[in-house]
Amino acid sequence: MHVFSTLIPAVGLFAHLAVGAYKLQDDYGTSDEFFDNFDFFTGEDPTEGYVNYVDRSTASQNGLINGSGGSVYIGVDSSNIASSPGRQSVRLSSTKSYTHGLVILDLEHMPGSVCGTWPAFWMLGDNWPSNGEIDIIEGVNQQSTNQVALHTSPECSINDSGFSGSVVTNNCDVEASGQAANAGCAITSKSTESYGDGFNKAGGGVYATEWTGDAIKVWFFPSASVPSDISTGSPNPSGWGDPMAAFAGSCDIDSHFKELQIMFDITFCGSWAGDVWSSDSCASKSSSCTSYVQNNPSDFVETFWSVNSLKVYQDGSSSNNATASTSVRSYTSTPLVSPTPRPGWKHRRNYYKHRQ
C-alpha cells in the first residue's frame with residue numbers, strides 16, 4: 001500500500017511521534033492503491049437516498065472510480081437511466097480510524113452544485129453519536145457555500161468566535177432542544193469558492209481539519225492561496241489565520257470524539273436533498289427529486305471528486321491513536337440542518353450495520 005509510508009517504520013506505525021511540528025503519518029496516494037485503504041459500503045443508504053452504492057469491482061468496471069492520471073476520481077453513473085434502488089455511486093470509509101490529527105484534503109474538483117445531489121467528505125465513529133461525527137464538506141442541490149458540522153451526544157456546545165464562518169446552530173447534541181432533530185452544531189462558509197460550482201471554477205482548493213483535545217478547526221484555501229507549508233509537507237496551522245470553522249466551548253472534545261474513519265460519499269435526494277426539493281429552485285426541473293435523478297443521467301457529469309492528495313499528520317507532542325479498523329460496526333449517519341432551514345424538513349435517525 002502507498003498509505004502508511006516509509007516515513008514511519010512498520011513496527012512502530014502507531015507509536016508516539018517525536019515532539020514538535022506535525023509529521024506525516026498516512027499518505028493515501030494518487031493511484032489505484034488509494035482504494036486499498038477504504039471499504040466500499042454496499043448496503044441500503046442510511047439517509048434514504050435514491051442511490052445504489054456499489055462494490056469496488058463494479059465501480060471500477062463502470063467508470064465510477066479511477067486511480068490513474070495523477071489524481072483519484074470518485075464519481076457516479078452519468079450515462080444511464082437509473083432504476084431501483086437508485087443511481088450508482090460509491091461510499092468509502094477508511095480502513096483506519098483516527099483520534100486527533102491534521103487531515104489535509106487537496107481537491108482538484110468536488111461534486112458541482114447540481115440538483116438532487118448530496119455529497120460529503122466527513123469523519124464518523126462507531127456507536128453514533130457517542131464517538132462523534134465531523135462533517136468537513138457537505139451540501140445539497142444548488143448550494144453555493146460549504147457547511148461544516150459536528151454531531152455528538154449531550155453536553156457539547158460551541159462558542160461563536162474565532163472563525164470566519166457563520167453559526168447556524170451551536171449545540172452539537174443531536175437531541176438538543178430548540179434545534180431540528182439531529183442538527184448538531186453547524187457553521188457555514190461565507191465564500192462561494194468553498195463549495196460546488198464556485199469551488200470548481202476557482203480551480204479547486206485545500207481543506208485542512210485540525211483535531212486536538214481542545215478544538216476541532218477547519219480551514220479552506222482556494223488553489224491560488226494554499227499556504228506554502230502545506231505544499232512542502234510541513235503544515236503549521238498556527239500561521240494560517242482564522243479557520244473557516246472552529247468548534248470549541250462547553251465541550252470536552254476527547255469525551256465526544258474518538259476513533260473516526262474518513263468518509264467520502266455521493267448520495268441523491270433522501271432526507272436532505274429530497275426533503276427540501278419542493279421548496280428549492282430545483283423543483284422547477286421535476287415534480288420530484290427521485291424522478292429527476294432517475295431520468296437525467298447527463299446532468300451528473302460534474303458530480304465527482306477529483307483528489308490530488310489526502311494526507312493525515314500527527315502532532316509530535318501528542319499520542320497517535322490511529323488504529324486499523326477490523327470489527328463489524330453499528331452506527332448512525334444523519335443529515336445536517338440546512339444553511340437556510342425550510343419548514344417541514346424532517347431529520348431522520350437511521351440505524352444500520354456496516355459489515356467489513
Residues listed by number, region 204-228, amide nitrogen under 18 Å from Lys190 label point at 7 Å toward C-beta:
218-222
With label points built 7 Å along Cα→Cβ from the Cα atoms of Glu44 and Val301, find their separation and express it in nm.
3.5 nm
Once the piece of chain linking Lys285 and Val167 is laid out straight, how much longer is it, given 0.36 nm per residue of separation minus the C-alpha distance between them?
39.4 nm
Taking every alpha carbon pair in region 202-292 and sorting the distances into 5 angstrom bins from 0 up to the bin holding the longest one, the percent per bin comes out as 3, 10, 15, 13, 12, 15, 14, 10, 7, 2, 0
Label model pair Ser60, Asp242: point-to-point distance (7 angstrom along the Cα→beta-carbon line) in nm is 4.7 nm
Given H placed 1.01 Å from N in the peptide plane, which residues other than close sequence neighbours of Val174 have an amide H under 5 Å from its amide H?
Thr152
Between Lys201 and Asn159, what's the calculated FRET efficiency when r is the beta-carbon distance and R0 is 30 Å? Round to 0.05.
0.35
How fast does region 67-162 diffuse by Stokes-Einstein, in µm²/s, taking the Kirkwood radius from C-alpha pairs at 25 °C and 0.890 mPa s?
151 µm²/s
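Each value in this text was obtained by applying a stated rule to the coordinates, not by laboratory testing. Computed from a predicted structure; not experimentally measured. Heads up, the Cβs are rebuilt from the backbone with ideal geometry, glycines too, and the neighbour counts pull from every protein chain shown.
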